[in-house]
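First comes the structure, then the notes that go with it.
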Amino acid sequence: MILDFPWTNAVPIAVTGLAIVYGLLCTILWHLQTGLVFRPYAEIAQTPTDYGLNYREVWIPVGDGKLNAWWIGSETALDRSSDERITLYFHGNRGNIGSRLNLDRIAAFQRTWGGAFFIADYRGFGQSIEGPPSEDKLYEDLEAIWGYLTETEQIAPERIALYGHSLGGAAAIALANRHPQVRAIVIDSSFTTIANVARKDLFFRLFPLRAILRHRFESIDKVAALTMPTLYVHGTEDTVVPTDMSEVLHAATPEPSELRILSGVDHEDVLETADDEFLGAIADFYDRADRLLRSR
């Protein structure tokens, strides 16, 4: 007589149930990822005026709407006969152009080396065109911003230096990859790929991220084509993006590429923790980049 114990059927049932739950979690993650990658705020909490900075608002056509942007600082930079450096600033995945983190940095940069700064919100952020952001749409936004600066304002590409923080670093790398004429590029606390950032979390390691992710931002595949002076800056205590990601990006970037690791700095507190070292590193880098440009 063969006894049919209940557990003999329970195993395949349990496996099937786990597979269904796993599939549902993958589907949920696929749908929720935009909210995990992009965290925009609609309200502009402050403007450069709150920092004592001159600014002018502009609107850049893109798709069926417009991007909101600010010129900050020196208006003389708009003189087409000038060779003054213009810094095109790309912010991270959270907030908007009026976020304190962005304006704190721009105010510190303007105080340190002066000049003009241009910052724009990607679609879905601040007052820019509404709708969910995406990697593909962000790349379209970058091209619209570049076209505005180089075609509408007729600014020579070699006058434009790029600065990007976190996700903004991926944006700067993508734009520099497409437009190698840029003067220089500073990548602050950015990552190799979104998937690699997600894998920091044990939960996300359970999923096939390459199959699920629609927003990949694979900077590591783009940096080998960078030919302009490039500086990577990263803090040793970054709890959002591991420091070694900048080390990997730097190693994959052709010369002239530099790396500056700042002791004790987290993802967003560099001005509070290592203000002088951070600002001095970028200012010195820009000086070297300017000398290299003049020698060509």
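Each reported figure results from applying straightforward, stated rules to the coordinates on display, with no laboratory input. Remember, predicted model here, so these are calculated numbers, not experimental data. Counting neighbours? That spans all protein chains shown, and the Cβs are built from the backbone with ideal geometry, glycine included.
With the cut-off at 1.5 for a/c, could you classify the range 38-295 from its C-alpha gyration tensor as rounded, prolate or oblate? Cα axes put the range 38-295 in the rounded bin.
Couplings 3J(HN,Hα) of the range 135-141, computed from phi: 4, 4, 5, 4, 5, 5, 4 Hz, in residue order, whole Hz [Karplus 6.51 cos²θ - 1.76 cosθ + 1.60, θ = phi - 60°; x for Gly and Pro]. Once a ≥ b ≥ c are taken as the square roots of the eigenvalues of the Cα gyration tensor of the range 79-141, is the result rounded (a/c under 1.5), prolate (a/b larger than b/c) or oblate (a/b not larger than b/c)? In terms of gyration-tensor shape, oblate.
Around the amide H of Ala116, modelled in the peptide plane, lie the amide H atoms of Ser74, Thr87, all under 5 Å away and 5 or more residues distant in sequence or on another chain. Residue by residue, the range 142-158 carries 3J(HN,Hα) couplings of 4, 5, 5, 5, 4, x, 4, 5, 8, 9, 5, 8, 6, 8, 4, x, 6 Hz when phi is fed to the Karplus relation 6.51 cos²θ - 1.76 cosθ + 1.60 (θ = phi - 60°); x denotes Gly or Pro. Residue by residue, the range 79-96 carries 3J(HN,Hα) couplings of 5, 5, 8, 7, 10, 4, 5, 10, 9, 8, 9, 10, 7, x, 8, 10, x, 6 Hz when phi is fed to the Karplus relation 6.51 cos²θ - 1.76 cosθ + 1.60 (θ = phi - 60°); x denotes Gly or Pro. Each helix, a run of at least 4 DSSP H residues, gives -39500 (n - 2.57); summed and divided by the residues of the chain, these come to -12000 deg cm²/dmol at 222 nm. DSSP bridge analysis restricted to the chain gives an antiparallel fraction near 35%, rounded to the nearest 5.
Inter-part distance, the range 136-167 to the range 224-265, computed on C-alpha centroids, equals 22 Å.
Shown here for the range 174-270: chymotrypsin sites (Phe, Trp or Tyr not before Pro) in loop regions (DSSP other than H, G, I, E, B) with at most 14 other Cβ atoms within 10 Å, namely Phe203.
In the chain, excluding the sites themselves, the longest stretch lacking any of the GluC sites (Glu not before Pro) that are in a DSSP loop with at most 15 other Cβ atoms within 10 Å is 154-236.
Determine the shape class of the range 168-296: with a ≥ b ≥ c the square roots of the Cα gyration tensor eigenvalues, call it rounded for a/c under 1.5, and otherwise prolate if a/b is greater than b/c, oblate otherwise. Before the final figure, lay out each step's value.
Values: a/c = 2.75, a/b = 1.35, b/c = 2.04.
Oblate.
Helix 167-178 and the longest principal axis of the C-alpha atoms of the chain enclose an angle of approximately 70°.
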